[in-house]
Amino acid sequence: MPAEPPERDTSADEAQRWHSTTYGKPRRGSARPAAQTPGREQRLAELQRPDPHRDQYRDQPRDQHRDLDEGGAPPAERPRTPAPRPARARRPHVRRRRVLAVVAVLVVLAVTYPVALAWRGWSSVDQIAAASTGERPAATPGTTYLVVGSDSRDGLSPEEIAEYSAGGADISGQRTDTIMLLHVPDGGGPAALISVPRDSWVPIPGHGKNKINAAFAIGGAPLLMETVEQVSGLRIDHYVETGFGGFAQIVNAVGGVTMCPAKAVDDVRAGLNIAAGCQQMDGKTALGYARYRYTDVQGDFGRVQRQRELLGAITSKAASPSTLLNPFRAFPLASAGGSAVTVDDDSSLTDLVGFLRGMRAATGTGGISMTVPVSDPNYRTGHGIAVKWDTEKALAMFTDLKNDDTEALRSLVA
C-alpha cells in the first residue's frame with residue numbers, strides 16, 4: 001500500500017500570502033488570476049473605432065454631450081427647448097410701401113386743406129350786382145379792385161350799434177368811410193393800394209359835381225364804380241365791400257392786431273380811448289382806430305393812412321403760419337371773413353384769393369401804399385368843405401396804373 005503524502009500545513013501558506021499583500025489585498029501574481037489589462041495596440045484600436053453617435057450629436061448643445069459622456073440618456077431621448085429665432089429684418093419693400101403711404105397722406109392733406117379752407121370762406125361770401133351800368137373804359141392790364149368800407153348800420157343790432165359807437169342822427173342810408181383802389185399788375189411789379197379820400201370833389205355821372213361818397217349814397221356800388229372809372233379812365237375789374245360789423249369780426253377772428261399809435265387818442269364819436277404806444281387791439285378798438293378823424297390834426301388823411309396800416313396788420317396776421325396751419329383758427333377766420341365781405345357777382349373764388357394776395361403784397365415791405373395826390377384839402381364847395389385833387393399828379397398816377405407800371409408810382413409817394 002503506497003504511503004500517503006504528508007499533509008501540507010495550510011495555515012503557514014495563508015499567513016505567508018496575507019503578509020505579502022498591501023493593506024491586506026492580494027498582491028499581483030497571487031493565486032487568483034486577474035483580468036488581463038488591454039495592451040497599447042488594443043486601446044488605440046478602441047479609440048480609433050467610429051462612434052455611431054458622434055456625428056449625430058455633434059451640433060447638439062454642449063450640456064447634451066456632457067450628459068452622454070456621463071452615461072445619461074442620449075440627447076435624442078430628452079426634451080429639448082427650441083432656441084429663440086432671431087428677429088427677422090424688415091423687408092425693404094414693406095418699408096417702402098409705408099413711406100409711400102405717409103407721403104400720399106401728406107399730399108392729400110396739402111391739397112385738400114387749402115381747398116376746404118378757401119371753400120369755407122367763399123361759401124359765406126355775399127354777391128351783388130356792382131358793375132357799372134354806364135359807358136366803361138377799355139380793358140386795362142393787371143387787375144384792379146375797388147375796395148369800399150361802408151358805414152351802413154344795416155344788419156347791426158341795437159347792442160352792436162351801441163358797442164361800436166355807430167349811433168347818431170345820420171345812421172340811416174349808406175355811406176362810405178373807406179374808398180380804395182387795389183391794383184395787382186400782370187408784369188410782376190409791386191402791388192399798389194391807393195386811398196381815395198371820401199370827400200374828393202369829382203363829377204358824378206348824371207348828378208353833377210359832388211363828394212365822391214355821395215355816389216355811393218345815391219346809387220350804391222354801380223354808381224360808385226361808374227364814377228371812379230369815369231374820373232380815372234381805369235377799368236375796374238372787381239368790387240369788394242365790408243361794413244362796420246364785418247370789419248370788427250375779422251379783427252376778432254385773427255385774434256386781434258397790434259397797432260402803435262404815436263399819441264394817445266380820446267375820441268367820443270369813434271368810441272375810442274387809448275394810450276400811446278404799441279398795443280393789442282380787438283375788433284371794437286380797431287374799428288374805432290380806423291374811424292376816428294375829428295381829433296386827428298390830419299383829418300381824413302390821417303384816417304386813410306391808419307386804415308391801410310390796419311389792413312396790412314390784418315392780412316399779415318391772417319396769412320401767418322400760426323393762423324393758416326391751425327384749423328381751429330383758420331376755419332373760423334375763413335367763415336367770419338367770408339360773411340363780412342360782399343363782392344360783385346362776376347367774382348369767383350380765384351378772384352377773391354387774388355384780392356387777398358394782392359392786399360398782402362401791397363401792404364408788405366415791397367408794396368406801394370399811397371393816397372391820391374391832393375392840392376387843396378379844404379376846398380370850399382356848395383356841398384361844404386371838400387378835397388381837391390392835384391390834377392396833374394392824379395392823372396399821372398392813373399396813367400401809370402392803366403399802363404400797368406406800378407413801379408413808376410414810387411415817385412408820387414410822399
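The values are calculated or read from the model by the stated rules, or taken from the named source; none is laboratory data. In this text the structure is predicted, and so the values were computed from the model without any measurement. Ideal geometry is used to build each Cβ from the backbone, glycine not excepted, and the neighbour counts take in all protein chains shown.
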Check your understanding: Quick check: is even one residue across segment 369-385 of a type in the set (S, T, N, Q) and closer than 29 Å to G121 by Cα?
Key -> yes
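Which residues, counting only those in segment 335-354, are in a loop (DSSP other than H, G, I, E, B) and surrounded by 16 or more Cβ atoms within 10 Å (Cβ to Cβ)?
A340, S347
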Check your understanding: Condition test on F301, is it assigned to a helix (DSSP H, G or I), in contact (Cβ under 8 Å) with a residue 60 or more places away in the chain and touching a Pro at 6+ places or on another chain (Cβ under 8 Å)?
Key -> yes
Practice item. Might you let me know whether segment 239-256 holds any residue that is aromatic (F, W, Y) and either free of Cβ contacts under 8 Å to residues at least 12 places away in the same chain or outside any strand (DSSP E or B) (or both)? Key: yes
Check your understanding: Could you list, in sequence order, the residues of segment 191-224 that are surrounded by 21 or more Cβ atoms within 10 Å (Cβ to Cβ) and more than 21 Å from D390 (Cα to Cα)?
Key -> A191, F216, A221, L223
Review point. Mind checking which pairs have a first residue in segment 120-137 that is in contact (Cβ under 8 Å) with a residue 12 or more places away in the chain and a second that is part of a loop (DSSP other than H, G, I, E, B) and surrounded by 13 or more Cβ atoms within 10 Å (Cβ to Cβ), Cβ under 8 Å, 6 or more apart or different chains?
Key: Q127/S347; A131/D346; S132/I236; G134/P205; R136/R235; P137/G233; P137/L234; P137/R235
Check your understanding: So which of T323, T315 is in a helix (DSSP H, G or I), within 18 Å of the chain's Cα centre (by Cα) and closer than 22 Å to L146 by Cβ?
Key -> T315
Review point. What do you reckon, is A336 of a type in the set (A, V, I, L, M, F, W, C) and modelled with pLDDT under 90?
Key: yes
Review point. Does segment 379-394 contain at least one residue that is closer than 17 Å to H183 by Cβ, free of Cβ contacts under 8 Å to residues at least 60 places away in the same chain and either surrounded by 18 or more Cβ atoms within 10 Å (Cβ to Cβ) or of a type in the set (K, R) (or both)?
Key: yes
**Study point:** Filtered residue count, segment 257-280, keeping only those that are assigned to a strand (DSSP E or B) and surrounded by fewer than 21 Cβ atoms within 10 Å (Cβ to Cβ)
**Key:** 9
Review point. Which of the residues belonging to segment 309-330 are within 17 Å of V115 (Cβ to Cβ) and exposed (fewer than 15 other Cβ atoms within 10 Å of the Cβ)?
Key: L325, P327
Exercise for review: Can you run down the residue pairs with Cβ atoms below 6 Å, 6 or more apart or on separate chains, where the first is in segment 268-297 and farther than 23 Å from R198 by Cβ and the partner is of a type in the set (D, E, K, R)?
Suggested key: N273/D266; A276/K263
